[in-house]
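Remarks on the structure that follows.
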Amino acid sequence: MDLPLLVGIFPQVFLDGLILGFMYALIALGYTMVYGVLEFINFAHSEIFIVGAFVGVEILLGMRAAGWLEALPWPLVLLLILVAGMAGAGLLAVSVERIAYRPLRGAPRLIPLISAIGVSFFLQDLIRLVESIWRNAFNLVYPTMDALNHRFELTETIDVSVKSLVVIAAALAMLWALHALVNRTKIGTAIRAVAEDQAAASLMGIDVNRIISLTFLIGGAMGGAAGVLFGVQYGLINPYSGFIPGLKAFTAAVLGGIGNIPGAMIGGVVLGLLEAFAASYLSLLTGGAFGAEYKDIFAFSVLILILIFRPKGLLGEIVRERA
Amino acid sequence: MIQAALATGLVGLSAWAVATFPRSVVVFLLFQGSLLFVYLARIPRWLRTALLALALLVLMPVLGHFNGYYLEIATQVGIFVALALGLNIVVGLAGLLDLGYVAFFAVGAYSWAIFGSPHANIMFGGGFPLAPGWFYAFLLVGLLLGAGTGVLLGLPVLRLRGDYLAIVTLGFGEVIRVLANNLDKPVNITNGPKGITPISRPPVPFDVPYAEAFYFLVLLIVVVVVLVNRRLEDSHVGRAWEAIREDELAAQAMGVPLVRSKLLAFGCGASFAGIMGVVFSAKQVFINPESFTFLESIGVLAMVILGGMGSIPGAVVGATVVTVLNLQVLKGFSLWLNELKNAGVVVLGYNLADLPTQLEPAKYERMIFGAILVLMMIFRPQGILPVRRRARELGTP
């Protein structure tokens with residue numbers, strides 16, 4: 001075993017894990033908010049996330065075709081695609097709730113879950129259909145922006161690109177904004193009230209349906225933002241690439257305690273770090289017998305173990321089981 | 001009396017039509033529809049049995065001579081019927097949503113693939129593949145392995161609440177797939193993404209061609225599985241499963257052993273998939289992890305949901321409809337569209353030759369599965385052929 005190597009790559013791995021973790025945290029918020037309010041796993045959230053990425057790439061490709069990509073300053077471009085991705089994904093989430101989940105409210109628990117799985121699969125191929133007709137391709141590459149790809153060399157083995165810093169900054173800003181929204185505004189209070197007790201909330205004059213839609217909007221928008229950041233960070237997207245990150249983000253939500261907003265953030269970061277370390281160190285520690293390809297198993301094992309031994313998650317579950 | 005004549009006539013007529021127009025998809029669909037009619041029509045029991053037996057034992061293999069692909073489809077349908085019936089026990093009877101069901105199918109398939117091909121030599125030195133006759137022993141091995149894996153998975157996860165259980169089984173299915181993809185090192189067990197080939201086919205009596213032989217083998221297994229399912233449904237175990245599905249607490253209070261019943265459901269469901277996995281690997285001669293993805297699990301789930309959770313005829317019909325949709329309708333539509341494209345047909349002023357090349361309708365099975373799941377949940381959660389109790393529970397909003 002090569003100890004200096006193991007120590008040497010540590011900061012880089014940590015940084016990569018952190019970026020991945022914030023991405024998971026943003027996606028996990030969508031799962032956790034919806035679960036908090038409806039006790040329902042929004043299985044289609046992974047596709048809502050990737051729709052955000054597709055909205056972003058479409059705008060970037062359109063801007064490049066029009067020659068604006070070089071003309072406009074990059075922070076403006078980034079802000080534009082983030083807002084557009086959030087809007088697209090948020091609106092999609094609201095429509096999905098309206099069409100496929102609301103008619104099933106009050107049905108046995110598994111019914112809406114099966115519907116959500118159906119929506120997830122349907123959306124994957126719908127994106128593929130739309131992009132196939134529109135661009136005759138569904139594996140799309142984010143146009144690169146030179147300023148974003150600039151790398152700072154911190155030491156010989158560690159470097160960090162501008163886009164990584166942007167991803168972290170954007171994720172932190174959004175997590176803070178959401179936290180403030182939920183805890184310090186009237187709307188946030190209404191959301192928490194509905195999560196606590198729908199009947200009581202409606203007696204207090206809260207429009208429960210509107211709040212549920214709003215929850216989907218906010219969760220979807222966070223997912224959409226994560227999608228755009230995912231595209232900017234990793235470049236290549238296709239209609240199916242949302243599924244695995246979505247599943248991992250769900251793992252993150254469970255890890256932090258589903259229904260619990262700070263929990264989702266912590267769970268995301270922890271899972272991102274775990275995965276980055278597993279991906280880099282597993283191969284080194286086992287002499288190449290097991291490599292980075294086992295990182296998915298790692299994440300799923302975390303999910304299974306957490307659910308079996310501490311289903312409340314790290315920070316504990318806010319919602320209780322319905323009697 | 002009229003219905004009896006009608007049923008007999010329909011089967012005969014549609015079989016004749018298939019023999020006359022062996023390339024027409026519509027006609028073959030008609031033949032399948034006539035079988036459903038036979039099942040649903042108010043005719044004497046002996047006539048129904050006789051007609052179904054005639055159609056499946058005689059007509060189908062004969063029609064296979066006119067168009068060999070139909071026999072292949074029928075065999076595939078049979079495999080998926082068994083899978084759907086297995087999943088039906090877990091999801092429909094016991095009410096446990098299993099999203100990683102295809103994992104058990106994979107376990108069975110890999111068991112015969114490894115020992116029925118020269119691949120096992122890598123691990124055990126020499127002496128492989130096993131003699132083809134071992135295939136029949138491996139049907140039992142597949143069953144036991146499937147059941148064992150089911151129980152093994154069930155043990156830790158059965159305490160979980162329904163939706164969590166679904167996600168964990170999904171994770172388990174993915175774990176099995178990742179393992180199949182990557183266990184070519186340090187010890188080469190699955191040969192990774194390249195898959196395993198050539199897998200031995202079983203010896204067949206009377207020199208029946210393989211296509212027919214597999215058709216009859218699958219048919220035999222399906223018949224056994226249906227009979228087992230019907231007996232299970234009315235047994236005390238079946239009652240226990242349904243009690244758990246309806247109300248776990250009440251069932252427990254009535255003395256239903258929760259853990260044991262749930263494990264039994266997982267084991268029974270998984271064992272069917274295990275057997276069919278063995279048949280599948282021998283039939284395909286080649287397997288790789290691509291055949292055992294999450295998509296397949298959802299496909300089987302869509303079959304169960306479409307037919308009606310907990311309903312045996314429902315699972316059969318659901319599996320047939322979904323498989324035929326996938327193998328025939330989507331592919332047929334794809335071919336038809338391609339022909340129109342190549343011919344440069346103009347529809348409403350739009351030249352079909354300009355259609356995007358990436359648009360391949362045959363690839364949209366996810367959309368079909370997804371649409372089935374959502375539409376069924378919203379409009380008919382009890383399925384197209386519901387069992388009476390489910391119809392009462394889910395039918396009236």
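In the set B:Val224, B:Val175, B:Val218, B:Val208, which member is at pLDDT below 85, in the same structural domain as B:Gly146 (by TED's automatic domain parsing) and out of contact with any Leu (no Cβ under 9 Å at 6 or more places or on another chain)?
B:Val208
The listed residues are A:Gly90, A:Gly106, A:Gly188, A:Gly85, and the only one of them that is more than 14 Å from every other protein chain (Cβ to nearest Cβ), over 20 Å from A:Pro239 (Cβ atoms) and small (Gly, Ala, Ser) turns out to be A:Gly188. Quick check on the stretch B:275-282. Is at least one of its residues within 30 Å of B:Val62 (Cα to Cα), over 15 Å from the mean Cα position of the chain (by Cα) and among the aliphatic types (A, V, I, L, M)? Yes: the stretch B:275-282 contains one or more residues that are within 30 Å of B:Val62 (Cα to Cα), over 15 Å from the mean Cα position of the chain (by Cα) and among the aliphatic types (A, V, I, L, M). Name every residue in the stretch A:248-266 that is assigned to a helix (DSSP H, G or I), surrounded by 24 or more Cβ atoms within 10 Å (Cβ to Cβ) and of a type outside the set (Val, Ile, Thr), in order of residue number. Passing the criteria: A:Lys248, A:Ala249, A:Phe250, A:Ala252, A:Ala253, A:Leu255, A:Gly256, A:Gly263, A:Ala264, A:Met265.
Looking for something away from chain B (no Cβ under 14 Å), assigned to a helix (DSSP H, G or I), surrounded by 19 or more Cβ atoms within 10 Å (Cβ to Cβ) and in contact (Cβ under 8 Å) with a residue 12 or more places away in the chain - is there at least one such residue anywhere in the stretch A:278-289?
yes
If the condition is being in contact (Cβ under 8 Å) with a residue 40 or more places away in the chain, within 8 Å of another protein chain (Cβ to nearest Cβ) and of a type in the set (Val, Ile, Thr), then the stretch B:360-378 contributes only B:Ile372. For the condition out of contact with any Gly (no Cβ under 7 Å at 6 or more places or on another chain), modelled with pLDDT of 85 or more and assigned to a loop (DSSP other than H, G, I, E, B), B:Pro381 qualifies. Just to verify a result, which residue in the stretch A:152-172, among those that are over 25 Å from the mean Cα position of the chain (by Cα) and either surrounded by 19 or more Cβ atoms within 10 Å (Cβ to Cβ) or not acidic (Asp, Glu) (or both), is farthest from the other protein chains (Cβ to nearest Cβ)? Within the stretch A:152-172, the match that is farthest from the other protein chains (Cβ to nearest Cβ) is A:Phe152.
Are any residues in the stretch B:322-349 in contact (Cβ under 8 Å) with a residue 60 or more places away in the chain and away from every other protein chain (no Cβ under 14 Å), and if so, which ones?
Listed by number, the residues that qualify are B:Thr323, B:Val324, B:Leu327, B:Gln328, B:Val329, B:Gly332.
Return yes when B:Leu155 is within 14 Å of another protein chain (Cβ to nearest Cβ), more than 24 Å from the chain's Cα centre (by Cα), under 23 Å from B:Arg260 (Cβ atoms) and in contact (Cβ under 8 Å) with a residue 60 or more places away in the chain and no when it is not. For B:Leu155, the condition - within 14 Å of another protein chain (Cβ to nearest Cβ), more than 24 Å from the chain's Cα centre (by Cα), under 23 Å from B:Arg260 (Cβ atoms) and in contact (Cβ under 8 Å) with a residue 60 or more places away in the chain - is met.
For (1) without any contact (Cβ under 8 Å) to a residue 60 or more places away in the chain; (2) touching a Cys at 6+ places or on another chain (Cβ under 6 Å); (3) over 30 Å from A:Pro103 (Cβ atoms), each residue gets a yes or a no:
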{"site": "A:Leu3", "(1), (2), (3)": "yes, no, yes"}
{"site": "A:Leu15", "(1), (2), (3)": "no, no, yes"}
{"site": "A:Leu26", "(1), (2), (3)": "no, no, no"}
{"site": "A:Ile41", "(1), (2), (3)": "no, no, no"}
{"site": "A:Leu61", "(1), (2), (3)": "no, no, yes"}
{"site": "A:Gly67", "(1), (2), (3)": "yes, no, yes"}
{"site": "A:Glu70", "(1), (2), (3)": "yes, no, yes"}
{"site": "A:Leu78", "(1), (2), (3)": "no, no, yes"}
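Residue-by-condition table, conditions (1) in a helix (DSSP H, G or I); (2) surrounded by fewer than 19 Cβ atoms within 10 Å (Cβ to Cβ):
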| position | (1), (2) |
| --- | --- |
| B:Ala50 | yes, yes |
| B:Leu63 | yes, no |
| B:Ala74 | yes, no |
| B:Asn88 | yes, no |
| B:Gly100 | no, no |
| B:Ala109 | yes, no |
| B:Ala113 | yes, no |
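The residues of the stretch A:154-180 that are among the small types (Gly, Ala, Ser) and in contact with a Lys or Arg (Cβ under 7 Å, 6 or more places away or on another chain) amount to a single one, A:Ser161. Note on the stretch B:264-300: residues that are among the polar types (S, T, N, Q), more than 14 Å from chain A (Cβ to nearest Cβ) and outside any helix (DSSP H, G or I) amount to 1. Within the stretch B:302-321, residues that are closer than 15 Å to B:Arg380 by Cα sit with their Cβ atoms under 6 Å from residues that are part of a loop (DSSP other than H, G, I, E, B) and of a type in the set (S, T, N, Q), at 6+ positions apart or across chains, in these pairs: B:Gly308/B:Gln382. The residue pairs whose first member lies in the stretch A:292-305 and is facing chain B (nearest Cβ under 7 Å) and without any contact (Cβ under 8 Å) to a residue 60 or more places away in the chain, whose second member is assigned to a helix (DSSP H, G or I) and of a type in the set (D, E, K, R), and whose beta carbons are closer than 9 Å, counting only pairs six or more residues apart or on different chains, are A:Asp296/A:Lys248; A:Asp296/A:Glu275; A:Asp296/B:Glu174; A:Ile297/B:Glu174; A:Phe300/A:Lys248; A:Phe300/B:Glu174; A:Leu303/A:Lys248. Checking each residue in the stretch B:229-251 for being free of Cβ contacts under 8 Å to residues at least 40 places away in the same chain and surrounded by 15 or more Cβ atoms within 10 Å (Cβ to Cβ) picks out B:Val237, B:Arg239, B:Ala240, B:Ala243, B:Glu248, B:Ala251. Looking across the stretch B:119-139, the residues that are farther than 13 Å from B:Pro202 by Cα and in contact (Cβ under 8 Å) with a residue 60 or more places away in the chain come down to B:His119, B:Ile122, B:Met123. Candidates A:Val269, A:Val232, A:Val302: the one that is at pLDDT 80 or above, outside any loop (DSSP other than H, G, I, E, B) and within 18 Å of B:Val168 (Cα to Cα) is A:Val302.
The values are calculated or read from the model by the stated rules, or taken from the named source; none is laboratory data. From a predicted model like this one, the values you see are computed outputs, not experimental measurements. Here the Cβ is made from the backbone with ideal geometry for all residues, glycine too, and neighbour counts use every protein chain on show.
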